[in-house]
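Participant: Can you keep this structure in mind? I'll have questions shortly.
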Amino acid sequence: MGGSFSKKPQFDPSKDIPDLTGKVAIVTGGNAGLGYATVQHLVRHGAKVYIGARSEERAKAAIERLRAEGLQPGNGELEWLEVNLSDPAKAKQAAEAFLQKESRLDILVNNAGVMRIPYNVDGKYGIHENMLVNHVSPFVFTNTLKPLLTKTAKELGSDVRVVMVSSHLVSTLKGRDIRFRDVNDFNEKFGNNIYSDMRRYALSKLANILFAKEFQRRVDFEGIPITALSIDPGSVNTEGVYKDPSLRMPIIGPIFKLLFPRIFLTPTVGAYPSVFAAASPVVKEEKDKYKGACIVPPCKLAVPPCPHAENKELAEELWNTTETILKKFAL
């Protein structure tokens, strides 16, 4: 992966995304926030987009809203795909259900996840919720879809992308000894202070970057022409932001609530890196430059803000440990 561009590229999805008619995409968490905006950009250019969400009611409400706001000029199609990332077994079932529906998959955007939350280890899998929802389930979901991604990628003229939505908060892990040797490393608490939940979230987002790099390495080794990328959307004013624990603090919380809409990106603009990674012709034209790369606002290549994200051995360790854990559950 190269460093940052010396010149900031100008990217406008309305002009710079080609006709996506005939392409099929999945955007997890596509019913709200960044996911919703990503779906909107893709469907307006003709793609058939599956909104991956747990709630049929919320997904269908999002579809109605998207239609009401207009799908021109592309007028793509919208479908709901039940995706529950709280359980890797259900994530696998969702992928298997999709395989029964479609004969191709061109774009997979793993966008859904949980943000800063209290420390809670899942009783079934023994993994805390940030890592389970943000890493383990997308790992299962993506790998279950891999045969269809591969089939599509081998078709003449195809351009298959896998996008992992990460976060600039991985920078909070700088200087720390990060490993993924076993479930205990997955469940690192990072102490018991106001930054602990942020670092647990950051660990899961680091896993997203490392997954993209290791997935890319493996498909390259197999000779499969898929491009995997991770993205940092920047600070975006989404529904999830208002669940941040800092907003419960007296005085500071209300101030933050007033500031967020003024200083954060709108979801429409915040989704630009996801859409660039998913559909920009530039990625296809300069494929070798973008393989396993990290995209940051305003849609430029960048070195991830944490040295661990460049560690190939750590990426392989994460992959192997995840597989070992999942084998215990026949996943």
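The values are calculated or read from the model by the stated rules, or taken from the named source; none is laboratory data. Just so it is clear, the model here is predicted, and its values are computed rather than measured. Here the Cβ positions follow ideal geometry from the backbone for every residue, glycine too, while neighbour counts run over all protein chains shown.
Participant: Looking at (1) under 23 Å from residue 232 (Cα atoms); (2) not in a strand (DSSP E or B), which one does residue 100 not meet, given that it meets all the others?
Facilitator: Evaluating residue 100 over (1) under 23 Å from residue 232 (Cα atoms); (2) not in a strand (DSSP E or B) leaves (1) as the failure.
Participant: Of all residues in the range 143-159, count the ones that are part of a loop (DSSP other than H, G, I, E, B) and more than 18 Å from residue 47 (Cβ to Cβ).
Facilitator: Qualifying residue count for the region: 2.
Participant: Here is a follow-up. Determine, yes or no, whether residue 52 is of a type in the set (Gly, Ala, Ser), modelled with pLDDT of 95 or more and out of contact with any strand residue (DSSP E or B) (no Cβ under 6 Å at 6 or more places or on another chain).
Facilitator: No; evaluated as a whole, the condition is false for this residue.
Participant: Of the residues that sit in the range 165-179 and are modelled with pLDDT of 95 or more and touching a strand residue (DSSP E or B) at 6+ places or on another chain (Cβ under 9 Å), which one is surrounded by the most Cβ atoms within 10 Å (Cβ to Cβ)?
Facilitator: 166
Participant: Still on this structure, please answer the following. Can you name the residue in the range 64-86 that is under 20 Å from the mean Cα position of the chain (by Cα) and surrounded by 20 or more Cβ atoms within 10 Å (Cβ to Cβ) and is also nearest to residue 17 (Cα to Cα) among such residues?
Facilitator: Ranking the candidates gives 78 first.
Participant: I've got another one for you. Which condition breaks for residue 45 when tested against (1) over 22 Å from residue 145 (Cβ atoms); (2) in contact (Cβ under 8 Å) with a residue 40 or more places away in the chain; (3) in a loop (DSSP other than H, G, I, E, B); (4) not aromatic (Phe, Trp, Tyr)?
Facilitator: Evaluating residue 45 over (1) over 22 Å from residue 145 (Cβ atoms); (2) in contact (Cβ under 8 Å) with a residue 40 or more places away in the chain; (3) in a loop (DSSP other than H, G, I, E, B); (4) not aromatic (Phe, Trp, Tyr) leaves (1) as the failure.
Participant: Next question, about the same structure. When you scan the range 264-272, do you find a residue that is under 20 Å from residue 34 (Cα atoms) and either at pLDDT below 55 or over 18 Å from the mean Cα position of the chain (by Cα) (or both), even just one?
Facilitator: So far as the range 264-272 goes, yes, one or more of its residues are under 20 Å from residue 34 (Cα atoms) and either at pLDDT below 55 or over 18 Å from the mean Cα position of the chain (by Cα) (or both).
Participant: Oh, and also: Looking at the range 11-37, I want the residues that are closer than 17 Å to residue 60 by Cβ and free of Cβ contacts under 8 Å to residues at least 24 places away in the same chain and have a partner that is of a type in the set (Asp, Glu) and surrounded by fewer than 24 Cβ atoms within 10 Å (Cβ to Cβ) with Cβ atoms under 6 Å, at least 6 apart or on another chain. Which pairs are those?
Facilitator: Correct list of pairs: empty, since none qualify.
Participant: Under the condition of being part of a helix (DSSP H, G or I) and in contact with a helix residue (DSSP H, G or I) (Cβ under 7 Å, 6 or more places away or on another chain), which residue from the range 264-276 is surrounded by the most Cβ atoms within 10 Å (Cβ to Cβ)?
Facilitator: Taking the candidates together, the pick is 274.
Participant: A follow-up question, please. Does residue 81 count as outside any loop (DSSP other than H, G, I, E, B), at pLDDT 95 or above and in contact with a Gly (Cβ under 8 Å, 6 or more places away or on another chain)?
Facilitator: Yes; evaluated as a whole, the condition is true for this residue.
Participant: Which of the residues that make up the range 106-142 are of a type in the set (A, V, I, L, M), in a loop (DSSP other than H, G, I, E, B) and more than 16 Å from the chain's Cα centre (by Cα)? Full working, then the answer.
Facilitator: Residues of the range 106-142 of a type in the set (A, V, I, L, M): 107-109, 112, 114-115, 117, 121, 127, 131-133, 136, 140.
Cutting the leftovers down to in a loop (DSSP other than H, G, I, E, B) gives us 112, 114-115, 117, 127.
Result: 117, 127.
Participant: Could you say which residue among 113, 123 is of a type in the set (Gly, Ala, Ser), without any contact (Cβ under 8 Å) to a residue 12 or more places away in the chain and either on the phi < 0 side of the Ramachandran plot or in contact with a helix residue (DSSP H, G or I) (Cβ under 7 Å, 6 or more places away or on another chain) (or both)?
Facilitator: Going through 113, 123 in turn, the sole match is 123.
Participant: Sticking with this one: Look at residue 8 and say whether it is modelled with pLDDT of 95 or more, under 22 Å from residue 281 (Cβ atoms), touching a strand residue (DSSP E or B) at 6+ places or on another chain (Cβ under 7 Å) and of a type in the set (D, E, K, R).
Facilitator: Spelling it out, it is not the case that residue 8 is modelled with pLDDT of 95 or more, under 22 Å from residue 281 (Cβ atoms), touching a strand residue (DSSP E or B) at 6+ places or on another chain (Cβ under 7 Å) and of a type in the set (D, E, K, R).
Participant: Report, by residue number, each residue of the range 180-207 that is modelled with pLDDT of 95 or more and of a type in the set (A, V, I, L, M, F, W, C).
Facilitator: Listed by number, the residues that qualify are 180, 183, 186, 190, 202, 203, 206, 207.
Participant: Okay, next question. Only one residue in 38, 28 is surrounded by 13 or more Cβ atoms within 10 Å (Cβ to Cβ), β-branched (Val, Ile, Thr) and in contact with a Ser or Thr (Cβ under 7 Å, 6 or more places away or on another chain). Which one?
Facilitator: 38
Participant: Determine whether the range 228-244 contains at least one residue that is modelled with pLDDT of 95 or more and surrounded by fewer than 22 Cβ atoms within 10 Å (Cβ to Cβ). Explain how you work it out, then say what you get.
Facilitator: Let us first name the residues in the range 228-244 that are modelled with pLDDT of 95 or more, namely 228-231.
After this cut, where a residue has to be surrounded by fewer than 22 Cβ atoms within 10 Å (Cβ to Cβ) as well, the list is none.
No, the range 228-244 has no match at all.
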